Amino acid sequence: PGNIFVNAEDPDDPRYIAVDFGIIGTLSPTDQHYLAENFLAFFQRDYRRVAELHIESGWVPPETRVDEFESAIRTVSEPIFDRPLKDISFGGFLLTLFQTARRFNMEVQP
């Protein structure tokens, strides 16, 4: 039924397979370019460029101070770099990320 499959190649050891594509959509070429640049800047730790991209794309208001936004992005991001996944509190990271988004009037999709 629905998104649940069973791999019965080995009847003595059947495997549960969950398939869920969630809500999917498409990105315009402009949005694709923005995301690619943003990921590159983020993983190169170029937080100024990440801040500029958010402002240029309209994700945060145009009057946002780049230096303040850059500093906030750095504060959120640096603690997770170079740490094993098991040592990262994703709940804490997301909480800080949403607090920062709210502070800079960034629209967050539900």
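The values are calculated or read from the model by the stated rules, or taken from the named source; none is laboratory data. All values derive from a computational prediction rather than experimental measurement. Methodologically, a virtual Cβ is constructed for each residue, glycine included, from the backbone with ideal geometry; neighbour enumeration extends over all protein chains shown.
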### Message
Just to be sure I understand the filter: pairs with C-beta atoms under 9 Å, separated by 6 or more residues or on different chains, first member in segment 30-48 and within 15 Å of A72 (Cβ to Cβ), second member crowded, with 16+ Cβ neighbours inside 10 Å and polar (S, T, N, Q). Which pairs pass?
### Response
F42/S77; R45/S77; Y47/S77
### Close pairs (7 angstrom Cβ cut-off, 6 or more residues apart or separate chains): touching a residue at least 24 places away in the same chain (Cβ under 8 Å) in segment 80-107, assigned to a loop (DSSP other than H, G, I, E, B) and among the polar types (S, T, N, Q) anywhere
F104/T64
### Summary
Of the residues in segment 74-93, those that are part of a helix (DSSP H, G or I), hydrophobic (A, V, I, L, M, F, W, C) and either surrounded by 11 or more Cβ atoms within 10 Å (Cβ to Cβ) or over 14 Å from the mean Cα position of the chain (by Cα) (or both) number 4
### Test result for E68, in a loop (DSSP other than H, G, I, E, B), loosely packed, with under 15 Cβ neighbours inside 10 Å and modelled with pLDDT of 90 or more
no
### Query
For segment 22-37, what are the residues that are polar (S, T, N, Q) and either surrounded by 10 or more Cβ atoms within 10 Å (Cβ to Cβ) or in a loop (DSSP other than H, G, I, E, B) (or both)?
T26, S28, Q32
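Conditions tested, residue by residue: (1) at pLDDT 95 or above; (2) β-branched (V, I, T); (3) part of a helix (DSSP H, G or I); (4) surrounded by 11 or more Cβ atoms within 10 Å (Cβ to Cβ).
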site	(1), (2), (3), (4)
D20	no, no, no, no
R45	yes, no, no, yes
R48	yes, no, yes, yes
E52	yes, no, yes, yes
P61	yes, no, no, yes
A72	yes, no, yes, yes
T96	no, yes, yes, yes
A101	no, no, yes, yes
V108	no, yes, no, no
#### Entry: Which numbered condition S57 fails, given (1) surrounded by 11 or more Cβ atoms within 10 Å (Cβ to Cβ); (2) of a type in the set (G, A, S); (3) under 13 Å from the mean Cα position of the chain (by Cα)
(3)
